[in-house]
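Accompanying notes for the structure given below.
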Amino acid sequence: MPKDTSVTLGAGAMVQQRWSPVDSVGLYVPGGKAVYPSSVIMNVVPAQVAGVKRLAVVTPGQKAFAGRPHPTVLATAALLGVTEVYAIGGPAAIAALAYGVDSIGLEPVVLVTGPGNNLVTAAKRALRGVIGIDSEAGATEIMVLADAGANPKFVAADLISQAEHDESAASILVTDSEELLESVAEELSQLLPHAHHRARIETALDGQQSALVLVDDLVQATLVANAYASEHLEIQVEDPKALAAEISNAGAIFLGPFAPVSLGDYMAGSNHVLPTSQQAKFGSGLGVHSFLRAVQVIDYSEPALAEIAEQIRLFADEEGLPSHGDAVQIRVATRRHAE
C-alpha cells in the first residue's frame, strides 16, 4: 500500500496526496482452455488490500458443470470471501461489467481487471473510458534471454510451459550462442511428444509469434528485449542481475535458472496479471496500486493565499483567464478590508 503524503509549503499552506480505492471492480477470471483459481487470487487479494468495497467476479461457464463456473474457481472465491460471481465469459463479460445486466442483478463497475484471450483484451480496450482497466493482458508471452551457459532443457521446458496456454501464445528464445539455440531446438523435439497439450503447444511454437532468435551478443539481446517488452522475461545468463539492470521494458523479470515463469504464475508472491503486446513499455502488472486513485487535497489559510496572490494573478492574466485571478483577489481584498 502506498502511503499518504503531506507537504507543507509555508505557514498555513499544505498539499496532501491521499490514496483512495475505487468503489467497485469487475474481476475477469479466464476459463476457456484451462481453469484458473490462481487468477482469482491474483485479482481479488490486491483489490481487498486496497480496500475496494464491491468485488464482482466474472468467469466462463463450464459445459461439464451445467454452465456454472468451475467448482475450483467458486471454491477459491468463497475462501476469499467473494460472493458476487457470474457465469459470463469472453468480450460479453467485459461489456456486462461496464454496462450492467439488470435481469441478473449485475450492476456496472468502474474498473475491470484480469487476464484473458485477445478478444477479451480487445473488449477492454474498446470500453476503456466507460470503465477503467488495469492493462491489456492478452495471450501470454515469454522471452528467454540466454547465453552459452544456460541449460537447454530448462529453456525448452519454459517455452513449452507458456505455449501450453493458447495457440496464440508467444514463446521466444534470444541467445548469442548458436550451440545453445540448436540444443534448445533438440530439447523441444524431445519434450513435445510427452506434453499433455501437444497439439496446442505445437501450433503456438510454429506460429509467427514464436521464434528462436540468434543475436551477435547480449547487448543486442537486451535491445531486442526492450523493443519487444515481453510479458514474462527470463534471464538465464552468467550474471542475470547485471543484465536485468539494462532492461527497462518487461511485465515481470525472472532471474537465473531457478526462477521459471511457472513460479510467478503461482507462488512467487508477484502477480501474474501482466501487460502483453508491448503494453509493458508504459503499463504495469496488476497490484494494489491498480485499485487506487491518488487524490490531492489543498489546504491554505487566508495569509498563505494572500502571500502568493500576485503570482496567481500573473499566471491568470498571461493565460487570458482574468476571472481566475479575480477569484483570489476578491478573497485578499476582503481580508485587507477586515484588517
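The values are calculated or read from the model by the stated rules, or taken from the named source; none is laboratory data. What you are looking at is a predicted structure, and each value in this text was computed from that prediction instead of being measured. FYI the Cβ positions are ideal-geometry reconstructions off the backbone, even for glycines, and counts take in every protein chain you see.
Remarks
- Here Ser290 meets the list (1) over 18 Å from Ile160 (Cα atoms); (2) among the hydroxyl-bearing types (Ser, Thr, Tyr); (3) outside any helix (DSSP H, G or I) almost entirely, failing just condition (3).
- The number of residues in region 119-129 being over 16 Å from the mean Cα position of the chain (by Cα), closer than 17 Å to Ala169 by Cα and crowded, with 18+ Cβ neighbours inside 10 Å comes to 0.
- Taking first residues from region 182-193 that are within 13 Å of Ala146 (Cβ to Cβ) and not assigned by TED's automatic domain parsing to the domain that holds Ala163 and partners that are surrounded by fewer than 19 Cβ atoms within 10 Å (Cβ to Cβ) and β-branched (Val, Ile, Thr), no Cβ contact under 6 Å between residues at least 6 apart in sequence or on separate chains turns up.
- Check on Leu321, crowded, with 18+ Cβ neighbours inside 10 Å and among the hydrophobic types (A, V, I, L, M, F, W, C): no
- For Gly325, the criteria (1) under 29 Å from Leu27 (Cβ atoms); (2) over 40 Å from the mean Cα position of the chain (by Cα) hold in every case but one, which is (1).
- Strands (runs of 3 or more DSSP E) within region 1-86 that include 2 or more residues closer than 21 Å to Val101 by Cβ: 24-28, 54-59
- Being surrounded by fewer than 16 Cβ atoms within 10 Å (Cβ to Cβ) and not acidic (Asp, Glu) holds for only one residue in Ala333, Ala316, and it is Ala333.
- Among residues of region 1-20 that are free of Cβ contacts under 8 Å to residues at least 12 places away in the same chain, none has a beta-carbon under 6 Å from a residue that is of a type in the set (Ser, Thr, Tyr) at least six positions away or on a different chain.
- Residue match in region 141-155 (condition: part of a strand (DSSP E or B) and over 29 Å from Ala199 (Cβ atoms)): no
- Criterion: in contact with a strand residue (DSSP E or B) (Cβ under 9 Å, 6 or more places away or on another chain), among the small types (Gly, Ala, Ser) and either surrounded by fewer than 15 Cβ atoms within 10 Å (Cβ to Cβ) or not in a helix (DSSP H, G or I) (or both) - qualifying residue of Gly132, Gly138: Gly132
- Contact map, region 224-241: residues that are within 16 Å of Leu212 (Cα to Cα) paired with residues that are in a helix (DSSP H, G or I) and of a type in the set (D, E, K, R), Cβ distance under 8 Å, separation 6+ or inter-chain. Pairs shown: Glu234/Asp158.
- Matching residues in region 292-302 - criterion: being out of contact with any Ser or Thr (no Cβ under 8 Å at 6 or more places or on another chain) and surrounded by 13 or more Cβ atoms within 10 Å (Cβ to Cβ): Tyr300, Ser301, Glu302
- Taken over region 109-129, residues that are aliphatic (A, V, I, L, M) and either in contact (Cβ under 8 Å) with a residue 60 or more places away in the chain or in a strand (DSSP E or B) (or both) amount to 5.
- Cβ pairs under 7 Å, 6+ apart, first in region 300-324 and under 18 Å from Met14 (Cβ atoms), second of a type in the set (Gly, Ala, Ser) and in a loop (DSSP other than H, G, I, E, B): Tyr300/Gly12; Ser301/Gly12; Pro303/Ala11; Pro303/Gly12; Ala304/Ala11; Ala304/Gly12
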